1. Please tell me if ILE61 is closer than 30 Å to LEU190 by Cα and either in a strand (DSSP E or B) or not β-branched (Val, Ile, Thr) (or both).
2. Would you be able to tell me the number of residues in the stretch 113-125 that are touching a Ser or Thr at 6+ places or on another chain (Cβ under 9 Å) and under 21 Å from LEU290 (Cβ atoms)?
3. How many residues are surrounded by fewer than 18 Cβ atoms within 10 Å (Cβ to Cβ) and assigned to a loop (DSSP other than H, G, I, E, B) when one looks only at the stretch 150-166?
4. Count, please, the residues in the stretch 175-192 that happen to be at pLDDT 95 or above and more than 25 Å from LEU239 (Cα to Cα).
5. Suppose we filter ILE43, ILE60, ILE124 for residues that are aliphatic (A, V, I, L, M), closer than 27 Å to LYS175 by Cβ, in the same structural domain as GLU19 (by TED's automatic domain parsing) and free of Cβ contacts under 8 Å to residues at least 60 places away in the same chain; which single one remains?
6. When you check GLY181 against the structure, is it of a type in the set (Gly, Ala, Ser), in the same structural domain as MET224 (by TED's automatic domain parsing) and buried (at least 17 other Cβ atoms within 10 Å of the Cβ), yes or no?
7. Please tell me if VAL176 is over 17 Å from ILE124 (Cβ atoms) and crowded, with 18+ Cβ neighbours inside 10 Å.
8. Residues that are touching a residue at least 60 places away in the same chain (Cβ under 8 Å): find the helices (runs of 4 or more DSSP H) completely inside the stretch 247-309 holding 2 or more of those.
Amino acid sequence: MKGLVLKSTGSWYEVLVKEENKTYSSRLAGKLKLNKSDLTNPIAVGDYVQIEKEDDRYAIIKAIEKRKNYIVRQSPKNKHQLHLIAANIDLAILITTLKEPGFKQGFIDRFLITTEPQDIPVLIIFNKADLYGQEELKTFRQLKTIYEKIGYKVMLISCENGEGIEEMKKEILGKVSLISGQSGVGKSSLLNSLIPEANKKTSEISNYSGKGIHTTTFAEMIIMNTNTFIIDTPGIKTLSFNNLQVMDVVHNFREFFKYSDLCRFGRNCTHRDEPNCEVKNAIESGDIYLYRYQNYLNILDEIESQNHWERKKEY
């Protein structure tokens, strides 16, 4: 039978068989366990799998169906492996905030590097609008301009007073949406606002570090209605990449890629020290934002500092 993976808790998976409207606690077949992979988890929430029932509660996963897309990142526990976050996504929603915790420059662009290779649409949400003063609102408007100019939708919301929540509901209807973000940005509060019956736990910001405390430990798909699903993921503290080469980054900053053909070295240009670089010309003219370029250079520096043997290919 065909099933949809709703939750992953290590070696067990909750699999929904839609025809029966029933979930089965499922484990991998032995042959799938033996397949060597650089992945920490061979199956992700959002995967479609073929299962064989053992009884009314348990099943064995016999095969994984082809994915239309997926999001993968460097494993937070083992830098030599990759972690499959989710699969078969219609929309990736990145939650961030300018206060509590403070905004981490570059995090948005790091997240976009995980979605852009798979052509997954992204909605960037700035949460906790009720805490913003004039300075934060000015910063929000600047960031909104930067990202909307290159094709990403940006919204301002507040789970405290409900600002933007109804508009966001319209964005996710009829889709499988992944919600991600740094620890403490309010993902669980947002889910409570979108789906009160989900009753997700929330945590305070750590007074000691100013960083968020994890409230979600495993990825989980929440059913909003018959055709609307939300994948909740654990909060991210850092995003590093052991699966990318320099040219992967070059080709996935979308506004840079648009100018690459005009560079002297074409699509092999890294837009750093090469002469007649059209991307650098566009930065000087204001057609490309310096903010994005600085984040781009930081990611390239990090990737080049890795040893070759640390890098992995995407799954």
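The values are calculated or read from the model by the stated rules, or taken from the named source; none is laboratory data. Only a predicted model underlies this, so the values are computations on that prediction, with no experimental measurement involved. Here the Cβ positions follow ideal geometry from the backbone for every residue, glycine too, while neighbour counts run over all protein chains shown.
1. When the stated conditions are applied, ILE61 does not pass them.
2. Total satisfying the criteria: 1.
3. Here the count works out to 6.
4. Total meeting the criteria: 1.
5. Testing whether each residue is aliphatic (A, V, I, L, M), closer than 27 Å to LYS175 by Cβ, in the same structural domain as GLU19 (by TED's automatic domain parsing) and free of Cβ contacts under 8 Å to residues at least 60 places away in the same chain leaves just ILE43.
6. yes
7. Answer is yes for this residue.
8. Per the criteria, 254-260, 290-305.
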